[in-house]
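Report on the following structure.
Here, each number is a calculation from the coordinates, and none is a lab measurement. Only a predicted model underlies this, so the values are computations on that prediction, with no experimental measurement involved. Here the Cβ positions follow ideal geometry from the backbone for every residue, glycine too, while neighbour counts run over all protein chains shown.
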Amino acid sequence: MTELDGIPTDGATVKALDRAHVFHSWSAQALIDPLPIASASGSTFTDYDGKSYLDFSSQLVNVNIGYQHPKLVAAIQEYAARMTTIQPSFANDARSEAARMIAEVAPGDLNRVFFTNGGAEATENALRMARLHTGRHKVFAAYRSYHGATAGAITMTGDPRRWGAEPGVPGIVHYWGPYPYRSAFHSTTPEEETARALQHLRDLIMVEGAGTVAAIILETIVGTNGVLVPPPGYLVGVREICDEFGIVMIADEVMAGFGRAGEWFAIDHWGVVPDLITFAKGVNSGYVPLGGVLISDAIAATFDERVYPGGLTYSGHPLACASAVASIRIFHEEGIVEHARGLGTDMIGPELAKIADRHPSVGEVRGLGVFWAVELVRDRATREPLVPYNASGPDAAPMVEFAAACKQRGLWPMTHFNRTHVVPPCTISEAELRDGLAILDEALDIADRYAS
Ligand SMILES: Cc1ncc(COP(=O)(O)O)c(C=O)c1O
């Protein structure tokens with residue numbers, strides 16, 4: 001007998017209780033049909049009917065280490081037996097070591113960590129730190145972005161999830177980031193896109209007033225809104241603008257960090273050191289909720305003699321931090337960052353290029369590591385998206401049919417607007433990846449029916 005005996009073990013009861021009592025995120029409650037999941041292992045999860053899905057979404061692009069990694073599960077069990085909770089004002093071994101290890105893999109002088117429970121609280125606190133550090137209040141955030149669902153984070157978010165929370169907090173100014181395939185600047189080359197996107201930022205600073213701008217936040221590689229890899233020179237250019245005007249550069253690496261892009265932090269691809277990095281998701285693959293802000297020495301020093309006005313009951317939760325320690329050790333031992341990088345260059349990139357050749361509905365493929373997007377169009381020449389921006393109902397049918405075809409064949413895709421993302425766990429094997437890409441290839445025949 002354990003205290004967990006009696007939890008329902010049949011899918012029908014799990015679902016009935018969910019429908020009666022669980023209120024779901026981002027959903028019209030009566031219109032959803034949550035699939036009850038019985039188990040998960042490696043890159044696969046399984047429902048109560050025994051049907052398995054190869055996960056090309058890493059859940060919400062967070063299960064970087066894969067499901068139920070035995071060493072990570074064992075470390076959580078071990079630490080739970082030692083200390084399940086202690087409040088943030090005490091010093092705790094797991095927290096101290098997690099902070100040290102995260103700072104060790106971070107670029108530059110990002111030597112301090114403020115721990116949170118997830119990504120939104122990380123961006124929320126980065127926003128507050130930047131404002132207090134600079135004494136300014138405006139923050140520039142990209143239209144094509146997601147930064148979380150709390151007040152400041154959702155106001156910084158550029159995608160439609162922001163609309164329901166408006167008017168939001170004051171002082172957030174949205175900008176267009178680079179996106180060569182659908183340039184807001186009518187550019188025709190990546191270099192031109194970089195130059196024009198940087199000029200756009202300079203123009204905004206001019207009209208908003210440089211002395212009012214605390215921070216520019218960006219997802220190093222824009223995640224849910226398209227796996228937008230910045231064109232050459234863009235991040236270096238943003239760094240230069242921030243230095244010129246005394247603006248804090250915040251890299252939101254909640255999705256892009258911890259191996260996803262084939263580096264510890266995606267920004268390592270460009271050798272740029274931001275002032276703050278937000279992280280969550282891949283830091284411990286969500287086995288226990290954890291996020292945080294990596295803080296430069298200069299910003300940390302602002303709060304040497306002055307109180308930082310922020311905190312959380314579970315900041316640096318010992319069980320979460322112990323799982324981060326174990327996860328980062330496993331990443332080192334098993335070469336997971338290198339594995340992710342190799343999968344991108346040796347398999348996903350080349351295979352998606354072949355898929356793009358075969359399917360008229362594929363407009364562009366792009367990405368790094370295990371962080372890829374396949375952008376679907378009705379017409380390659382006009383680049384008309386397969387479904388409109390933020391499509392729902394019948395407008396979204398082509399994407400819904402494509403996703404259903406993947407699921408029917410045992411692949412769980414991540415779709416967003418007119419794209420499907422290839423974002424499996426960083427630990428996926430080459431054989432599994434090949435199987436998943438073969439299913440994607442087949443399912444894209446559905447999208448082709450809508451393309452000319
Ligand atoms: C780039 C980015 N920032 C912040 C968040 C918010 O993280 P959380 O859902 O843990 O609050 C997400 C979540 O998807 C994200 O992708």
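Value of Rg to Rh for the stretch 139-212, rounded to two decimals, is 1.02; Kirkwood radius and Rg both from alpha-carbon coordinates. Here the contact order of the stretch 293-452, divided by its residue count and restricted to Cα pairs under 8 Å and six or more residues apart, works out to 21 percent.
Cβ under 12 Å from residue 15's Cβ, residue 15 left aside: what net charge do those residues give with Lys, Arg +1 and Asp, Glu -1? So the environment of residue 15 carries a net charge of -4. Of all lysines in the structure, those lying under 28 Å Cα to Cα from residue 71, and not within fewer than 8 positions of it along the same chain, are 51, 281. Relative intensity of the chain on a log10 scale, I(q)/I(0) at q = 0.12 Å⁻¹, equals -1.08, per a Debye sum over C-alpha point scatterers of equal strength in the absence of solvent. Quote the Stokes-Einstein diffusion coefficient, in whole µm² s⁻¹, for the stretch 69-204, based on the Kirkwood radius over alpha carbon pairs, a temperature of 20 °C and a viscosity of 1.002 mPa s. Diffusion coefficient, whole number: 118 µm²/s.
Separation of the stretch 249-285 and the stretch 24-38, taken as the distance between their Cα centroids, equals 30 angstrom. Mean projected area of the Cα convex hull of the stretch 353-432, taken over all directions, amounts to 5.8 nm². 3J(HN,Hα) couplings calculated from phi for the stretch 144-160 with the Karplus curve 6.51 cos²θ - 1.76 cosθ + 1.60 (θ = phi - 60°) are, in sequence order, 8, 7, 9, 10, x, 10, 8, 3, x, 5, 6, 6, 5, 4, x, 7, x Hz; Gly and Pro show x.
Counting charges near residue 280 (Lys, Arg +1; Asp, Glu -1) among other residues having Cβ under 13 Å from its Cβ returns a value of -3.
Based on C-alpha pairs under 8 angstrom that are at least 6 apart in sequence, the stretch 233-382 has a relative contact order of 21 percent. From least to most packed, judged by other beta carbons within 10 angstrom and beginning with the fewest, 97, 430 follow the order 430, 97. Residue order for 61, 22, fewest other beta carbons within 10 angstrom first, comes to 22, 61. Note on the stretch 303-354: Kirkwood radius taken over Cα pairs, Stokes-Einstein applied at 37 °C and 0.692 mPa s, translational D equal to 225 µm² s⁻¹. Where a Cα-Cα gap under 25 Å defines reach, which lysines qualify for residue 354, not counting those fewer than 8 residues away within the same chain? List returned: 407.
Dividing the radius of gyration of the alpha carbons in the stretch 85-124 by their Kirkwood radius gives 0.98 for Rg/Rh. Note on 114, 90: ascending count of other Cβ atoms within 10 Å places them as 90, 114, the fewest first.
Net charge of the neighbourhood of residue 221, taken over other residues with C-beta under 12 Å away and scored Lys/Arg +1, Asp/Glu -1, is -2.
With N counted as the residues of the stretch 200-267, its alpha-carbon radius of gyration over 2.2 N^0.38 Å works out to 1.18.
Could you tell me the relative contact order of the stretch 22-110? Use alpha-carbon pairs under 8 Å, at least six residues apart, and round to a whole percent.
Averaging sequence separation for qualifying contacts and normalising by length gives 15 percent for the stretch 22-110.
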